[in-house]
Amino acid sequence: MDDQTRMLTGLTGLGGLAQADVGDPDSVRKQQSLGQPQQDIGDILQQIMAITDESLDEAQARKHALNCHRMKPALFSVLCEIKEKTVLSIRGVQEEDPPDPQIMRLDNMLLAEGVSGPEKGGGSAAAAAAAAAAGGSPTDSSIEHSDYRAKLAQIRQIYHSELEKYEQACSEFTNHVMNLLREQSRTRPISPKEIERMVAIIHRKFSSIQMQLKQSTCEAVMILRSRFLDARRKRRNFNKQATEVLNEYFYSHLSNPYPSEEAKEELAKKCGITVSQVSNWFGNKRIRYKKNIGKFQEEANLYAVKTAVDAANVSAQAMYCFLSIFVFQLHPYK
DNA sequence: CCCTATGATTGTCC
DNA sequence: GGACAATCATAGGG
């Protein structure tokens, strides 16, 4: 049982006492006489304990009786005071929550993606950014571009309608609770401060729901982005010459196929691809070669022969030169 | 249409 | 931050 419920139960219990008192003016005098305070407290406790067994109607009647009781205002203020001292002082301090970093991240992302921002600029800007990031030419991406925009708009629309629903539900619920508390504050010791805090609690609850909405919207946008922007979807094989250059390097450095940063740049330039593409290529090549050396044997031989021939060409020239000199030395002036 | 090749991404490890 | 391993998604050949 929480504090408030306990307080309510206690008061309705007193209401029961009050009802009995109203019916019998003598009992007030009896109660006020110093002779039987123990007895009275016993009665009150008895009734408090009994209240949970009563029906709603009975409780209502007791509440009404309490409201009419002449001691009620005094009792009420005492209860308020006690409550203020205990409950509020314990819990009333650690409020004022700072802005949640998680929700701020989500907000920023939704804004950046054009979901939560102003209607027009955001979405198309994001789509344009998307197209640019994808590296596609404006013409060939225009179909996907508009598709992307349409899907984003759909997400946006769902997001806003859900948000509106949540906000409406939140304010409806808040109003309902506030009215209820105001109504009850006529019988229970509820201060305005407490109502305020209850509203804050409700808002926190609803904002956690809102966060879930934001979270799932972000996920949807990420999925959409990945569907449209994932470079794997736009993969093109490198041209033959580029593959040749890369393979030549790979097989001629088979004992240590790790090109330096400079070598990568050189290869990238030769092949007309980016350095990271070179890195990807070597990463893929190394792992795939290692996994199945047999499969690559033929290719390896091919490039080995190729480089051998190249080397031979060079050495043949050298050899010819050397031999010429040698022969010249053997047979000068011949 | 299925299967393999291949470029890119993601997550993990050092 | 790079290497690696697993995986994705498409290209391309039969």
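The values are calculated or read from the model by the stated rules, or taken from the named source; none is laboratory data. Fair warning: this is a prediction, and the values are worked out from it, not measured in the lab. So basically every Cβ, Gly included, is an ideal-geometry build from the backbone, and we count neighbours across all protein chains shown. Note: accessible area is taken over every heavy atom of the protein model, side chains too, but ligands, DNA and RNA are not part of it. Shrake-Rupley method; radii C 1.70, N 1.55, O 1.52, S 1.80 Å.
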Whole-Hz Karplus ³J(HN,Hα) for region A:174-179, in order, using 6.51 cos²θ - 1.76 cosθ + 1.60 and θ = phi - 60°, x for Gly and Pro?
4, 4, 4, 5, 4, 4
Apply 1/(1 + (r/R0)^6) to the Cβ-Cβ distance of A:Ser161 and A:Arg70, taking R0 = 51 Å, and write down the FRET efficiency to the nearest 0.05.
0.40
Do you know the Lys pair count in region A:231-308 for C-alpha distances under 21 Å, with sequence separation 8 or more or different chains?
15
Place a label point 7 angstrom from the Cα of A:Lys270 along the Cα-to-Cβ direction, then list the residues of region A:277-303 whose backbone nitrogen is under 14 Å away.
A:278-279, A:282, A:303
Inter-probe distance in nm under a simple model that places probes 7 Å from Cα toward Cβ, at A:Arg235 and A:Ala153:
3.3 nm
Where in region A:221-257 does the label zone of A:Lys306 land, with the point 7 angstrom along Cα→C-beta and an amide N cut-off under 18 Å?
A:237-257
Assuming 0.36 nm per residue, please report the length gained on full extension of the stretch A:Thr174 to A:Glu81 beyond their Cα-Cα distance.
30.9 nm
Other-chain or far-sequence residues with amide H under 5 Å of A:Ser116's (modelled H):
A:Leu111
Applied in sequence order to region A:163-171, the curve 6.51 cos²θ - 1.76 cosθ + 1.60 (Karplus, θ = phi - 60°) yields integer Hz couplings, x standing for Gly and Pro, of 4, 4, 4, 4, 5, 5, 4, 4, 6
Accessible area per residue of region A:243-304 at 1.4 Å probe, in Å²?
63 Å²
